[in-house]
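Structure record follows, encoded as structure tokens.
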Amino acid sequence: MCSNSFANLCIFHIMDGLRDGLSHFSHPSRTALLYAINPDDPIRIYDPQDLLRGHEPVLEKIFLESEDWKPGSGHKEQSRLIKVVKNKNLELSGLITCGARSNSIFYQRWFTEHHPDLCSTGPTESWLEYAALLLSEDFATQNILRIDSSGHLLREYATHAVRDYIVDQRNMVMGWDTQIRVYPILDAILGISKTKEEGAWAKGDLIFIEPSELNGINFIAKFPKNERPELKNHKHVRKLLQSVEFSGRKLVSDGKEVVGIANCAPTDNSITAHFRGEFGFLYLSKNPVCSFSDAKFSSTNYHPNLVQLEEVLIELNIDPNDRHEMFKIVNKLVSSAGHRSHGCTLVLDFNDEPVDIAGQTLEEPIDLREPEMESLARSLTKLDGAVHIGKDLHLHGFACLLDGRSVSGENRARGARFNSALRFTAERDNIVIIVVSSDKPVSIIQHGIELTAQCNWQQQFACVTTPPELEEWINP
């Protein structure tokens, strides 16, 4: 039997490490846990940052009004250390979840946030599963000397989460009969991504094919067996990538060496690294797994997060078709600025008569619904100053200067674009400004407030009391 104080410390250290690790892999993330140590115990909840607030009706229906989550556990008779539990009813909006049973913990269910720009939920699900495994092990061993080591493991789990997800998915397709080792591939991808050639970052595709499937590849060029570049020679592979830049060709590797160059499609179990300069993407077959940059993996798909803009547009009294067109136009302009690594500012003006803004005006506004005009607008975003877009979906000016009086919420670390947008919107109605920084973060500003601002969740330093029962948490 695990003492309450020991159990509380185990939960705290694992929760803290999990939250910190996921926050570095994705955006700042909250985590929560539902658990029952023994079959007859009430289910308890540890949710220090209110991740599950708003989901009380679903949790009450599943865990308090029903006992369907209990049958089939047989937790004292299990031969496996841990068994992952699937539950479609717990696919809560905006959350990723993983449940498990084990000999030491009758039931546990982990939760974290489903950020809108994830390449895949797979690595995060593997991360939650590993947290469940570590908590089961800590409860089973009750070793006070290793009580915080689980948290350290979870903080640094990013590469392992990517590897575990890839291995699990490949095993489902082809079983255990594989000659490819995933860890060396991931090490090579990160090594190549941080290796410059003549001052340029890597671009092009490197695909890893199972050795038994290489005979089915139609190579454009194939290297002799005794002259194949080794994958661990990052500098050499980086040089070879120049031969497939801006083409449909790929470098083909068996996981140990570069075999040759081919124009081939991904197979059901192939792994592809798509290098795009300062960042890149990792694919399993045709499906994205994660991205990589600065010699580390992350979850982001590098698409602009415009969820708040969608919400603002819904609230405005504009035609649904115009709303849809406006979002498409803004999304293309923001994506273009992000991919070209230049900042820009877009002023969305929803007044019937566009406001006057100092800058380069036009004799006739440009209709951004026309492809050629939209292309011109993408180029105009590179100029200093803001691009002025009206409610009529026309571009009314560019190189615009935004002025206004100082407001609370300014941040000198964010630069002139951001702070000017705060000042400008604080004094004008029906104006939304989108600021794209050169390093890709997107800010949406209205009424002098950044709608995309991230909350700084309060840090928890200990779990000194036993978490409350779920019923008490729902009905305090």
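Values in this text are rule-based calculations from the coordinates and carry no lab data. Quick caveat, the model's predicted, so the values are computed rather than measured. All Cβ positions, even for glycine, are placed from backbone atoms using ideal geometry, and neighbour counts span all protein chains on display.
With contacts defined as alpha carbon pairs under 8 Å and 6 or more residues apart, what's the relative contact order of the chain in percent?
Result for the chain is 14 percent.
About the Cα centre of the range 233-305, how large is the charge dipole given +1 on each Lys and Arg Cβ and -1 on each Asp and Glu Cβ? Please answer in debye to the nearest 20.
Dipole of the range 233-305, to the nearest 20 debye: 140 debye.
What share of the DSSP beta bridges in the chain is antiparallel, in percent to the nearest 5?
90 percent
If you average the sequence gap of Cα pairs under 8 Å that are 6 or more apart and divide by the length of the range 307-450, what percent do you get for the contact order?
Relative contact order of the range 307-450: 26 percent.
Which lysines does K286 reach when only Cα atoms under 22 Å apart count, and residues fewer than 8 places away in its own chain are ignored?
Answer for K286, where 22 Å is the Cα cut-off: K203, K250, K256, K296, listed by chain and number.
Could you compute the FRET efficiency for D40 and H152, with r as their C-beta to C-beta distance and R0 at 41 Å, rounded to 0.05?
According to the calculation, E is roughly 0.75.
So if I place +1 on the C-beta of Lys and Arg and -1 on the C-beta of Asp and Glu, and nothing else carries charge, what would the dipole magnitude of the range 179-268 be about its Cα centre? I want it in debye, nearest 20.
So the magnitude is around 280 debye.
Are there DSSP H segments in the chain that both extend 30 Å or more along their axis (alpha-carbon positions) and score a mean Kyte-Doolittle hydropathy of at least -1.0? List them, or say none.
Span-like helices here: 4-25.
Under unit Cβ charges (Lys, Arg +1; Asp, Glu -1), what dipole magnitude, rounded to 20 debye, does the chain have relative to its Cα centre?
2100 debye
Just for the range 306-400, what percent of DSSP beta bridges are antiparallel, to the closest 5?
60 percent
What is the distance, in nm, between label points placed 7 Å from the Cα along the Cα-to-Cβ direction at A200 and at I314?
4.4 nm
Between T121 and D177, what FRET efficiency comes out of the Förster formula 1/(1 + (r/R0)^6) with R0 = 22 Å and r the beta carbon distance, rounded to 0.05?
Between D177 and T121 the formula returns 0.25.
Subtracting the Cα-Cα distance from 0.36 nm times the residue separation, let me have the gained length for L214 to L92 in nm, one decimal.
Gain on stretching L214 to L92: 39.7 nm.
What translational diffusion coefficient, in µm²/s and rounded to a whole number, does the Stokes-Einstein relation yield for the range 290-330 at 4 °C and a viscosity of 1.567 mPa s, taking the hydrodynamic radius as the Kirkwood radius over Cα pairs?
106 µm²/s
Give the aspartates and glutamates whose C-alpha is closer than 20 Å to that of K61, dropping any in the same chain fewer than 8 places away, or say none.
List returned: D40, D41, D47, D50, E91, E469, E471, E472.
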